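Read through the structure below, which is laid out as structure tokens, and then see the notes.
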Amino acid sequence: AAKNQSRPPLVLASTFRSKTGNDEGSTRRVHHHRASTTSSPMLSSLNALEVSHSLSSSSRSFREASSEAKSASNNDATQQHHVYEPSILAQSLQQMISSRRTVSNFLHHPPTSLPVEGGIQCQQILSNAIRRAVECASTAPNHKMSEPTTFHRILSPSAASERLLDISYEVTYQRLLLNKLSGVEACRNEAMRKREKWSKIPAFIVATVGGMEDQYNEEEEQSPYAELPLNAPHTIQQLEDYASSCASIQNLLLSLHSEGIASKWATGTIIRTHALRNLIGCKKDDMVVGLIMVGWTKQVPRMPRRRRVLEGDVLKDVNI
């Protein structure tokens, strides 16, 4: 072993050790090698084995140190350069929510061709879409599983939709006369204009929430088209149920929007009349939360300019 041992490995070993700070040991190692050329074969063999073992240990320590350094460097680079981004599914959902708009002008048929066309087919398409939307609406949070919201579907044309158009005409006409905004003939023309506009809406949904205060005013005789006094939620449970109903309506609107169907959530005078309540069969403690118009539109309205900024106004951090 001593005869086959060459000088370069010993020089490499001494150099490596000098780099690690063991200068004294490396000096002795070089001197010891020079002495071993004139010493006994046994001593030379032992010296060679010792040097070989030291070189192997040093190489293994060097590899482990390099591996640890590389791992630490990769972790630092990952922490510095990796930025969390939501998944494609999450981004698509957020974009869908942000792109929903309230539509006022509706079409009975979609602006582009569908696999099936015609009044009956389009009515069936809307009917099925509304059913899926109500399924999504029913998943809205509600306290103690009260499930307080009921949705009443009205497809057009039908006897129910014609009655709804008549109610719309009468409510508009009487409201204009009561407020004396214009003459009788002008009031009739404006009421007729609104009826014709509503006649182009393919479907309506009336959302009601149960367990509210008595919504009827039986103390005095009123026109079925006059606005009833507002009996708002009084108890905590009623307030929670009303909030749940509003969340349900938002789910419904988003579900329709995901299928390319436009909508409008209306809360005008018509929802607080005996005529509409009788049309859908409301109970005394049922409160109408909204009348949702459903259909297609030629053009989706642009995003309105927001009056409030997000950071620091709509979204505020609480710092103590």
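Structure data summary
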item	result
Total residues in region 132-156, condition free of Cβ contacts under 8 Å to residues at least 24 places away in the same chain and over 17 Å from residue 247 (Cα atoms)	0
Condition met for residue 263 (closer than 20 Å to residue 162 by Cα, open to solvent by less than 50 Å² (accessible area, probe 1.4 Å), among the polar types (S, T, N, Q) and in contact (Cβ under 8 Å) with a residue 60 or more places away in the chain)	yes
Yes/no for residue 227 being over 23 Å from residue 168 (Cα atoms) and either among the charged types (D, E, K, R) or in contact with a Lys or Arg (Cβ under 7 Å, 6 or more places away or on another chain) (or both)	no
Neighbours by Cβ (under 8 Å, 6+ apart or cross-chain): first from region 215-242, within 22 Å of residue 176 (Cβ to Cβ) and at pLDDT 80 or above; second loosely packed, with under 14 Cβ neighbours inside 10 Å and not small (Gly, Ala, Ser)	224/278; 228/217; 229/217
Filtered residues of region 266-320 (kept if free of Cβ contacts under 8 Å to residues at least 24 places away in the same chain, in a loop (DSSP other than H, G, I, E, B) and of a type in the set (Asp, Glu))	313, 317
From the options 320, 280, 261, residue that is touching a Phe, Trp or Tyr at 6+ places or on another chain (Cβ under 8 Å) and at pLDDT 90 or above	261
Flag if residue 243 is in contact with a strand residue (DSSP E or B) (Cβ under 8 Å, 6 or more places away or on another chain) and among the small types (Gly, Ala, Ser)	no
Candidate set: region 141-154, residues that are open to solvent by less than 90 Å² (accessible area, probe 1.4 Å) and modelled with pLDDT of 95 or more; chosen: the one nearest to residue 204 (Cα to Cα)	154
Residues of region 161-197 satisfying the condition of being open to solvent by less than 40 Å² (accessible area, probe 1.4 Å) and touching a residue at least 60 places away in the same chain (Cβ under 8 Å)	164, 167, 168, 171
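The values are calculated or read from the model by the stated rules, or taken from the named source; none is laboratory data. Bear in mind that the values here come from a model prediction, so they are computed numbers and not experimental data. When we count neighbours, we look across all protein chains shown, and the Cβ atoms used for this are built from the backbone with ideal geometry, even at glycine. The accessibility values were calculated without ligands, DNA or RNA, using every heavy atom of the protein model including side chains. Shrake-Rupley method; radii C 1.70, N 1.55, O 1.52, S 1.80 Å.
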